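Asker: Below you'll find the structure I mean.
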Amino acid sequence: MKQPEDIRNTGPRKLSAVSAAFVANIDFLKRFLARFFSDRQDIEDVAQEAYLRAYVAEQKKEIEQPKAFLFRIARNLALTQLTRKSKQITDYIEDSADSVVIEGGATVDSEVEAQQSFGLYCEAVAALPEKCRQVFLLRKVHGLPHKEIAERMSMSVSSVEKYLRRGVLETKAFVREREGLAPDRDAVTAVNRRRDQGV
């Protein structure tokens, strides 16, 4: 068994490829994550979790591009966390809807109707395809401009606009269908066209 002095004599232990990429790019990684989060603690937490996940993955197989792998994990974690936060906001709004007093002496019936409409809207948003839902929530819940959404999700501004249009059309179509209203033919045609185009 090696004694402590023997270990010291062997020189510094070589870092794994992922660890070396993390140490060399930690400041850049945090700046990258600052595009997703304003809270410093969120940035630190996601950076550490991305490193841990990448390191664990590296133990199972060799990572050919450790820096790109690390950043991809960080981006996915950030988007997952943003989606989770958006859901928490939606849940909070739904939970607090009971305590909202509708002005103008609204009846209990109209209050229930308003809550049901909101619930339908939340269902409609949840039913959107993942990328479309993320863009929709970043714009409608977080109020981010198109350019910032494009940067965060590594897509063009025109793609953001397409996903937003699809989100608006699909949520309207979903609500109309659930409420038993005739579908808006123009909206249905536009949605189908976008699905065919893979947007």
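Asker: Sorting Ser19, Ser38 on the 10 Å Cβ count, fewest up front, what's the list?
Answerer: Neighbour counts put them in this order, fewest first: Ser38, Ser19.
Asker: Next question, about the same structure. Could you line up Val168, Val23 from fewest to most neighbouring Cβ atoms inside 10 Å?
Answerer: Val23, Val168
Asker: Another one. What is the distance, in nm, between label points placed 7 Å from the Cα along the Cα-to-Cβ direction at Glu179 and at Lys147?
Answerer: Going from the Glu179 label point to the Lys147 one covers 3.6 nm.
Asker: Mind giving me the FRET efficiency for Ser156 and Gln41? R0 is 41 Å, r the Cβ-Cβ distance, nearest 0.05 is fine.
Answerer: 0.85
Asker: Highest first, please rank the peptides 43-50, 143-150 by the mean number of other Cβ atoms sitting within 10 Å of their residues.
Answerer: Highest mean packing first, the order is 43-50, 143-150.
Asker: Pairs Lys61/Lys131; Lys140/Lys162; Lys30/Lys60; Lys67/Lys131: which are spaced more than 22 Å apart, C-alpha to C-alpha?
Answerer: Exceeds cut-off: Lys61/Lys131; Lys30/Lys60; Lys67/Lys131.
None of the figures in this text is laboratory data; all of them are computed from the coordinates on show. All values derive from a computational prediction rather than experimental measurement. Glycine also receives a Cβ, built like all others from the backbone with ideal geometry; neighbour counts cover every protein chain displayed.
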